[in-house]
Amino acid sequence: MQYQKILPGIFLSRPNRFVARVEVDGAEAVCHVKNTGRCQELLVPGCTVVLEFHPKAKEMKRKTEYDLIAVYKGDLLINMDSQAPNQAALEWIREKEAKGLSLENVGIPTNIRREVTHGESRFDLAFELK
């Protein structure tokens, strides 16, 4: 998993759980927060954040040009993209499938799917083992 067009910003405020106001290149911008948790101990005014810029935001019908994907707490960089772990796992499983490799000797993953509903539950990732 790789992000495109990464740049630093300064966190200013978070008016709601989906939006943050940040300073980017000396100007205030609104960005999408990819983690709906409160994160009050991380997102403090003045902290350095990492943003992903989407130059084609208008064409994509996005409401913002930026995603807030990480935040620094001191020297520690903390992921704020709650979808990143699932995407990384999906890529790893698909790599195993493509190479025909077993997952911990239990079988080769096939029919890999995201966001699968089963009864009243939802799985982030689902797959079958061959």
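Key figures
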quantity: With all protein chains modelled, accessible area of L76 [1.4 Å, Å²]; calculated: 110
quantity: With Cα atoms, 0 to 90° folded angle of helix 84-99 axis to the chain main axis; calculated: 30
quantity: Euclidean distance between Cα centres, the stretch 1-28 to the stretch 54-128, Å; calculated: 21
quantity: With eigenvalues of the C-alpha gyration tensor scaled by 5 and rooted, the chain, Å; calculated: 34, 15, 15
quantity: Estimated [θ] at 222 nm from DSSP helical runs (n ≥ 4, -39500 (n - 2.57)) normalised by residues in the chain, nearest 500; calculated: -4000 deg cm²/dmol
quantity: The stretch 1-48, relative contact order in percent, only Cα pairs under 8 angstrom and at least six apart counted; calculated: 37
quantity: Candidates per trypsin sites (Lys or Arg not before Pro) in the stretch 16-55, loop by DSSP, up to 12 other Cβ within 10 Å; calculated: R17, R38
quantity: Nearest-0.05 FRET efficiency for K99 and D124, computed from C-beta distance (R0 25 Å); calculated: 0.65
quantity: For q = 0.25 Å⁻¹, Debye-computed log10 I/I(0) when each Cα of the stretch 1-64 counts as one equal scatterer; calculated: -1.21
quantity: Dipole magnitude of the stretch 1-121 about its Cα centre (Cβ charges: Lys, Arg +1; Asp, Glu -1), debye to nearest 20; calculated: 340
quantity: Globularity ratio of the stretch 59-130, using Cα Rg and 2.2 N^0.38 Å; calculated: 1.48
quantity: Theoretical gain in end-to-end length, E59 to I112 [0.36 nm per residue, Cα-Cα removed]; calculated: 16.1 nm
quantity: Value of relative contact order over the stretch 1-122, rounded to a whole percent, pairs C-alpha under 8 Å and six or more apart; calculated: 20
quantity: Chain lengthening between R38 and Y3 when straightened (0.36 nm per residue, less Cα-Cα); calculated: 10.3 nm
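The values are calculated or read from the model by the stated rules, or taken from the named source; none is laboratory data. Bear in mind that the values here come from a model prediction, so they are computed numbers and not experimental data. All Cβ positions, even for glycine, are placed from backbone atoms using ideal geometry, and neighbour counts span all protein chains on display. Quick note on the areas: whole protein, heavy atoms, side chains included, nothing else; ligands and nucleic acids left out. Shrake-Rupley method; radii C 1.70, N 1.55, O 1.52, S 1.80 Å.
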